[in-house]
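See below for the structure under consideration.
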Amino acid sequence: MANSWRTERWDSLRLLTPSWQSRLPGLRYEGPDPDGYMTVAEVTAFIERFAALARAPVRTGTTVTSVRRTDDGYRVATTHGELACRAVVIASGACNQPSVPALAAAVPASVEQLTPFDYRDPAKLPDGGVLVVGASATGVQLAAELQRSGRPVTLAVGEHVRMPRMYRGRDVLWWMDESGVWDQRYDEVEDLTRARRLPSPQLVGTPERTTLDLNALTSIGVELTGRWAAVRDGRALFSGGLRNMFSLADLKLRRLLDTFDDWARANGRDDEVAPPERFPPTRAPESARLQLDLGSGEIRAVVWATGFRPDYRWLDVPALDAKGQLRHEGGVVDSPGLYALGLPVLRRRRSTFMCGIEDDARAVIDHLARYLAVGG
Ligand SMILES: Cc1cc2nc3c(=O)[nH]c(=O)nc-3n(C[C@H](O)[C@H](O)[C@H](O)COP(=O)(O)OP(=O)(O)OC[C@H]3O[C@@H](n4cnc5c(N)ncnc54)[C@H](O)[C@@H]3O)c2cc1C
C-alpha cells in the first residue's frame, strides 16, 4: 500500500501541495499544521489511514501482470492468482517510470547516471559536479539539495512552469484552488494534448515556504544552461534559447497572476489578501554555455529529472495511442467496462493531484455503475 510513496521517493521530499489540500473521499488532513507540507512518511500514513477507513478489500504485495478482454468483461492475472470481472478501473498511476531521453545512451561510462527513482540523498552521488537535466518540481528540488551538499550543479532548463510559493500572502496553490483555475474541465481546455503534457510547477514544500524558482537557484550558485539537445564527440550540446524560454515562463506567470487578481476583484475577495505583486524577471546568465565536455571530469554524475510516464506493459487491451498513453474520454477508456483515474487533466486540471481524485472518482464511478446496471 502507498507503494510509490514508500519506494520511489527521495528522503527530503515533502508534498508541494499544502496539507489542507490533501483530501481523499471522507478523509481530510486534521494534523497541527494544515498550511505545512507533508513528508513522505506522513503521506504514507495518510494513505494507510484512508485504506483503513474505506475498508476496501486491498490486496497488498500483488502485481497485476495482465488484463485481457473476455466475452463478458476482463480477466485479470496477478502474482497471486486470477480474477474475472465485468469492469476494471486502472489507477496504476501516471509516474511509474522515469522518462529518460535517448541521448542518455551516448553519455560516457565515466559519468554516473541516476533517475529520481534511484536518488535518495546527495551521498548517493560521487563528489564533484552534477548535471541535473530538467527544471520542473523534481529538477529544481534536487538541484538545490545537491548544490547545498557542496557539489557544483549545472541545471539544463527546458520548458518550465514558474511559480512563487506565496502570492499576496497566500499559498499559490490556494489561488489555484479558490480561483477555479484547477477546476477547468478537460473538455474546456483549449489544447488538451498540451495541457496533459505540461510539466509540474517549480515548487517545493518547506517549513519556511520558500520560493524555488530559477532566480533562487542562481543565487545559491547553480549554473543554468539551455535544454540538453545532443551528445557529440563526448560533449553535451545545449540549446541556445534560454532567454526566450525564460521570457515565456515569466509571461505565463504574469498571466496566471492576472487571472488570480481578476478573480479576487470580481468576487469581492481583494480585502482578504495582500495587494497584488509582481516578481522580477528570470535572470539569464551573462553567457550560458552551449557545450560541456563530459569526459573532462567536471561532471561526475547526471540526474535525469526529465519527467515520468505510466507503465502499461501489463495491459493486453488495445487502448493505447501511438505515444503509449491510454485513450480515454474523461476517464472512460476506449474499451467497454474499462476506466482510468489519476492521469493528468483526466477530467480537470487538478486531476493528478491528490485533491483531484474525489470529483474525478465520483464521475467515473457513476459511469461505471450505469454500465454495470444495464448489464454491460
Ligand atoms: C515526485 C513526485 C511528487 C509528487 N508530489 C505531489 C504533491 O505534492 N501533491 C500531490 O497532490 N501529488 C503529488 N504527486 C502526484 C502523486 O503521485 C499523486 O497525487 C498520487 O500519488 C497519485 O496517486 P495514484 O494512486 O493515482 O498513483 P500512484 O501514487 O502512482 O499509485 C499507483 C499505484 O499503483 C501501483 N501499480 C502500478 N502498476 C501496477 C500493477 N501492474 N499491479 C499492481 N499495482 C500496480 C503502483 O505500485 C502504485 O502503488 C507527486 C508525484 C511524484 C512522482
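The values are calculated or read from the model by the stated rules, or taken from the named source; none is laboratory data. On a predicted model such as this, the values are computed, not experimentally measured, just so you know. Glycine also receives a Cβ, built like all others from the backbone with ideal geometry; neighbour counts cover every protein chain displayed. Just the protein is used for accessible areas: all its heavy atoms, side chains included, with ligands, DNA and RNA removed. Shrake-Rupley method; radii C 1.70, N 1.55, O 1.52, S 1.80 Å.
Odds and ends about this structure:
- Coarse-grained scattering of segment 41-124 at q = 0.21, 0.26 Å⁻¹, given as base-10 log I(q)/I(0) from a Debye sum over alpha-carbon atoms: -1.12, -1.32
- Convex hull of Cα atoms in segment 264-376, direction-averaged projection (nm²): 14.8
- Highest GNM mean-square fluctuation among P318, P164, P18, for the chain modelled with Cα contacts below 10 Å: P318.
- Net charge dipole, segment 66-205: roughly 180 debye, given to the nearest 20, about the Cα centre with Cβ charges of +1 for Lys and Arg and -1 for Asp and Glu.
- Computed over segment 63-167, the Cα gyration tensor eigenvalues convert (square root of 5λ each) into semi-axes of 39, 18, 13 Å, ordered from largest to smallest.
- Given +1 at the Cβ of Lys and Arg, -1 at the Cβ of Asp and Glu and no other charges, the dipole of segment 212-303 around its Cα centre is 440 debye to the nearest 20.
- Less than 5 angstrom separates the built amide H of T352 from those of V345, L346, all sequence-distant by 5 or more or on a different chain.
- Once the Kirkwood radius over Cα pairs is known for the chain, the Stokes-Einstein relation at 25 °C and 0.890 mPa s delivers a diffusion coefficient of 109 µm²/s.
- Per-residue ³J(HN,Hα) for segment 126-139, Karplus 6.51 cos²θ - 1.76 cosθ + 1.60, θ = phi - 60°, Hz, x for Gly and Pro: x, 5, x, x, 10, 9, 9, 10, x, 10, 9, 3, 5, x
- Distribution of pairwise C-alpha distances over segment 143-198, 10 Å bins, in %: 17, 30, 33, 17, 3
- For V161, the residues 5 or more places off, or on other chains, whose built amide H falls under 5 Å of its own are Q202.
- Whole-number D in µm² s⁻¹ for segment 317-368, Kirkwood Cα-pair radius fed into Stokes-Einstein, 10 °C, 1.306 mPa s: 143
- Largest GNM mean-square fluctuation across A109, A264, A361, computed for the chain with C-alpha springs under 10 Å, falls on A109.
- Of every Cα-Cα pair in segment 156-230, the percent that sits beyond 19 Å: 50
- Cα-derived Rg over Rh, computed across segment 179-336 with Rh taken as Kirkwood radius: 1.03
- Every Cα-Cα pair of segment 205-245 was included, and the share exceeding 12 Å stands at 69 percent.
- Antiparallel content of DSSP bridges confined to the chain, in %, to 5: 60
- Net lengthening on full extension, D187/M166 (0.36 nm per residue, minus Cα-Cα): 4.6 nm
- F117 - accessible surface, heavy atoms, 1.4 Å probe, Å² rounded to 10: 40
- Residue by residue, segment 362-372 carries 3J(HN,Hα) couplings of 4, 5, 5, 5, 4, 4, 4, 5, 5, 4, 5 Hz when phi is fed to the Karplus relation 6.51 cos²θ - 1.76 cosθ + 1.60 (θ = phi - 60°); x denotes Gly or Pro.
- Of all segments of the chain bounded by GluC sites (Glu not before Pro) found in a DSSP loop with no more than 10 other C-beta atoms within 10 Å, the longest spans 31-187.
- Near R235, the amide H atoms lying under 5 Å from its own belong to L294; only residues 5 or more places off or on other chains count, and H is placed 1.01 Å from N.
- What you get for segment 230-376, charging only the Cβ of Lys and Arg (+1) and of Asp and Glu (-1), is a dipole of about 380 debye around the Cα centre.
- Per-residue Karplus couplings for segment 199-213, computed as 6.51 cos²θ - 1.76 cosθ + 1.60 with θ equal to phi - 60°, are listed in order as x, 5, x, 6, 9, 9, x, 10, x, 7, 6, 6, 8, 10, 8 Hz, Gly and Pro entered as x.
- Rg/Rh for segment 118-252 stands at 1.00; both radii use Cα atoms, and Rh follows the Kirkwood definition.
- C-alpha long axis of helix 40-54 to longest principal axis of the chain, angle in °: 10
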